[in-house]
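The values are calculated or read from the model by the stated rules, or taken from the named source; none is laboratory data. This one's a predicted model, so the numbers in the text were calculated from it and none came from an experiment. Methodologically, a virtual Cβ is constructed for each residue, glycine included, from the backbone with ideal geometry; neighbour enumeration extends over all protein chains shown.
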Amino acid sequence: MEFFVALRYLRGKRKIGFISLIAYFSAFGVFLGTTVLVIALSIANGFEKEVRDRIISIFAHARVYQYYREPFSDYDSLRNEIMQHPQVIGAAPYLSGKGALEYSSGTDQGNTEGVLINGIDDSLEATVTDLGNCIIMGELELESAESTKGRSFPGIILGVSMADKLGIRPGAEVVLGFLGNAGEAMDPMSAVRMNRFTVTGIFETGMYEYDYNLAYISIESAQNLFDTRGVEGIQLKTTDLFKADRILQEVKAHLGGYPFTGIDWKRQNKSLFKWMKLERLVIFIVISLIIIIAAFNIISSLIMMILEKRREIGILISMGATTGSIMKIFMLNGVVIGFLGSTLGALAGVLLCYLQYHFKLISLPGDIYFINKLPVLIRALDVIAIYLAANLICFVATLYPALQASRILPAESLRYE
């Protein structure tokens, strides 16, 4: 009761003026900082999701292989054994190696580019990746296909960046070369193996490194090119991509451990996602400075209010008001500013992100970015963290002014009145 009487007394004497204007600006600063922080983190989350989805679309959730990438031939039985795990919903063999792609349009000497050759089973690939959905020209067909010259060769799928650079379109003939053990041969050129392929499709993931460096051929074509009878490993698709690491460990334990090992999509792209996590932390810290500046405004407005209300504070203390009540009054001013600013700011940020998510109001140049709309992803934990941080900053900002107000001596405050 004492607290509310003192609060009513001080508010009844308060005039709308310069000090109130500072308080309003403080509330607007908290509102602006909270809004911008919610939007910035949602955009960072959106870009992270887009990158993750594009990685998963072309690479499986996890891969099982032998130490030192030693090939093995009994991959059908291994695949069936892996599929027995209840959280594995897809498995497919793969074979990979570095090689060179050569293409000649007939009007030039021919161009050669390095590629990462991936041998896949096109009948099973759809169970582990979305490569088929990334095809923008042609189709996912790796068996024998007829070229524009009327000749039939095994099919190959190339990325759009590589295709655009070399001027390749479906139906073109290309040559794949593999060095093999050229370093151990007396004549390195004698170890080079080359096969001709027909381009049957061109894919686009939106990730330049993938669209420029990856090429897909059938398992049989890769075995022939690499001169091996087996495959490198088995790709897995799990029921939950965020638990792929745990599921992979269970699969390896089921297989008996050594000589099998593996890697999941998070470990394979560890540096990329660690950088994105650091980026989100930097965004949070930098934009929080807006809220901190608003907190300094709260401190200044409360200090000037105390100077303005010295007489009233002295009267209240002389009438028996406790220091705790005086502190609560001035702390309440800062807490209300933080509460209103953070609440309205969080709501505004979520609303703007919601509008962007559903109506795609902001576009991006598709030829520069891998998407044409600004991505947003609202995470409840981020919004809660921002809301709590804003209120905490504002609460801490009230402590010093409230403590100074509670230390005012009645005699000193009334001496010159």
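The set of residues in the range 304-327 that are under 48 Å from the mean Cα position of the chain (by Cα) and closer than 13 Å to residue 407 by Cα comprises 306, 324, 325, 326, 327. In summary, helices (runs of 4 or more DSSP H) completely within the range 238-353 and bearing 2 or more residues that are aromatic (Phe, Trp, Tyr) occur at 270-308. Tallying residues that are assigned to a loop (DSSP other than H, G, I, E, B), closer than 23 Å to residue 259 by Cα and in contact (Cβ under 8 Å) with a residue 60 or more places away in the chain within the range 199-237 yields 4.
Could you tell me whether the range 32-53 includes any residue that is within 26 Å of residue 261 (Cα to Cα), out of contact with any helix residue (DSSP H, G or I) (no Cβ under 7 Å at 6 or more places or on another chain) and of a type in the set (D, E, K, R)? Yes, because at least one residue in the range 32-53 is within 26 Å of residue 261 (Cα to Cα), out of contact with any helix residue (DSSP H, G or I) (no Cβ under 7 Å at 6 or more places or on another chain) and of a type in the set (D, E, K, R).
Pairing residues of the range 274-293 that are in contact (Cβ under 8 Å) with a residue 40 or more places away in the chain and farther than 16 Å from residue 392 by Cβ with residues that are surrounded by 14 or more Cβ atoms within 10 Å (Cβ to Cβ) and of a type outside the set (Phe, Trp, Tyr), at Cβ distances under 7 Å and at least 6 apart in sequence or on separate chains, gives 276/48; 279/44; 280/41; 280/44; 283/40; 283/41; 283/44.
State all residues of the range 369-384 that are in contact (Cβ under 8 Å) with a residue 60 or more places away in the chain and out of contact with any Leu (no Cβ under 7 Å at 6 or more places or on another chain); if no residue qualifies, say none. If the condition is that a residue be in contact (Cβ under 8 Å) with a residue 60 or more places away in the chain and out of contact with any Leu (no Cβ under 7 Å at 6 or more places or on another chain), then 370, 375, 376, 377, 378, 379, 383 are the ones that fit. Taking (1) of a type outside the set (Lys, Arg); (2) modelled with pLDDT of 85 or more; (3) part of a helix (DSSP H, G or I) in turn, residue 3 satisfies each apart from (2). When the range 106-149 is filtered for residues that are under 33 Å from the mean Cα position of the chain (by Cα), within 24 Å of residue 177 (Cβ to Cβ) and of a type in the set (S, T, N, Q), only 118 remains. Taking into account only those residues within the range 342-363 that are surrounded by 14 or more Cβ atoms within 10 Å (Cβ to Cβ) and aliphatic (A, V, I, L, M), which is farthest from residue 205 (Cα to Cα)? Of everything passing the filter in the range 342-363, 344 is farthest from residue 205 (Cα to Cα). Annotation: of all residues in the range 116-129 being in contact with a Gly (Cβ under 6 Å, 6 or more places away or on another chain) and either in contact (Cβ under 8 Å) with a residue 60 or more places away in the chain or farther than 21 Å from residue 53 by Cβ (or both), the one that is surrounded by the most Cβ atoms within 10 Å (Cβ to Cβ) is 128.
Looking at 45, 111, just one residue is more than 17 Å from residue 237 (Cα to Cα), in the same structural domain as residue 287 (by TED's automatic domain parsing) and touching an Asp or Glu at 6+ places or on another chain (Cβ under 8 Å), and that residue is 45.
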